[in-house]
1. Select from Val118, Leu108, Ala39 the residue farthest towards the positive end of the dipole of the stretch 1-120; place +1 on Cβ of Lys and Arg, -1 on Cβ of Asp and Glu, and compute about the Cα centre.
2. Could you calculate the contour length gain from Arg224 to His50, that is, 0.36 nm times the residue separation minus the distance between their Cα atoms, to one decimal place in nm?
3. Of the candidates Glu281, Glu52, Glu337, which one comes out as most mobile in a Gaussian network treatment of the chain with C-alpha springs shorter than 10 Å?
4. With charges only on Cβ, +1 for K and R and -1 for D and E, what is the dipole size of the chain about its Cα centre, in debye, rounded to 20?
5. Assigning unit charges at the beta carbon (Lys, Arg +1; Asp, Glu -1) and nothing else, what dipole magnitude in debye, to the nearest 20, does the stretch 32-132 show about its Cα centre?
6. Taking only the Cα atoms of the stretch 290-356, how large is their convex hull per residue, in Å³?
7. If I take every Cα pair under 8 Å that is 6 or more residues apart in the stretch 209-311, average their sequence separation and divide by the length, what percent do I get for the relative contact order?
8. So what's the projected area for the stretch 186-244, the Cα convex hull averaged over all directions, in nm²?
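Derivation of every value follows stated rules applied to the coordinates shown; laboratory data play no part. These numbers come from a predicted model, not from an experiment. No Cβ is skipped: glycine too gets one built from the backbone with ideal geometry, and neighbour counts run over all protein chains shown.
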Amino acid sequence: MNKGLEGVVAAETRLSMVDGEAGELIIGGFDVAELAMNATFEETVWLLWHGEMPEDVTAFRAALVERRELPRPTMDLLRGCAGARVSVMDALRIAAGTISLMQGDEALNLVATFPTIVASYWHLLHDREPIAPRADLSHAANYLYMLSGEVPDAERVRGMETYLNTVVDHGLSASTFTARVITSTESDLVSAITGALGAMKGPLHGGAPGPALDMVFEIGDASRAEEVLRRKIESGEKLMGFGHRVYKVRDPRADVLAAAAERMFTRGGDMHLYELAKAVEATAIRLLEEYKPGRNVQTNVEFFTALLLHGLGLEVPLFTPTFSISRVAGWIAHALEQRKDNRIIRPQSVYVGPKGRSYNRALCAS
């Protein structure tokens, strides 16, 4: 039995290839670095949905722009969520189900509204009125604008764009598999994406970038890195941002986001946090090899996700929702792919319970 379906091939896909042994990630035929650091997010979404880069993304971008506004019942529901102080991921999951209220293309509606849901709820959660989306800004720029109220400069937009492109798809992850399972029942796209959000919320999938940043802040100074990290390892504590179930070498997404963070922090004029994070990373890798020789535990995407998103001004509760703003495009691509050659996903289970029981009504009544 393959517990957790590890090693079981459940789908063929043209969307992304994850080679954990070689540390390689291909998205839509492009090496992740080539795509992430050059394409706009709109181009990446088109690539996943249509299989080729668009000759002109203008019309597609306009189609997303015109769908950014939320239905009134969705906004009312977000106000109720803020009153109950639910998490941002819970609010996103709750609001996502209401996108069925919108007319037209469900795929476009979902991708277009996710940034508006997250940014609007963030303001409501902090007793502020939401900032309306702007039609003259790209998907990444508009999200940053709705969070801060300021039009971001080109470096911040490139940083966000690189992040969104890097995490848009990653093979048959738990949330992606959830979306494909729901789609395989011939359910609707909104249901598939709402289910995927439920999987993404779990800390074993989308919820670890925050703790990775907390560890860097806890260390505070590079001179304390070895002392703090040794204590954590010796007490059996996991070093967040290191190790990956799939990658047996360095996560290629970590290199892309490290480069994006370096570029953004360098041009922003404050390298202290970046240099601290790099020192912590180097010490952690050295100590992990010392304590776990031959395991080759390397940096994963979470470590530099935390650094980059923090540099963009996002607080920790926004990290996983921002991940979802990207990955919703990948979930949709998988759902569309599942529809083209569908067979309901129905794996078998092995029964390990008792047999031969007799029903005793008198015993049950007592």
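1. Result: Val118, furthest along the dipole toward the positive end.
2. Separation in residues times 0.36 nm, less the Cα-Cα distance, equals 57.7 nm.
3. Most flexible of the set in this elastic network: Glu52.
4. 1720 debye
5. It comes to approximately 600 debye.
6. In the stretch 290-356, the Cα hull volume divided by residue count equals 259 Å³.
7. Reported relative contact order: 46 percent.
8. So the Cα hull casts an average projection of 5.5 nm².
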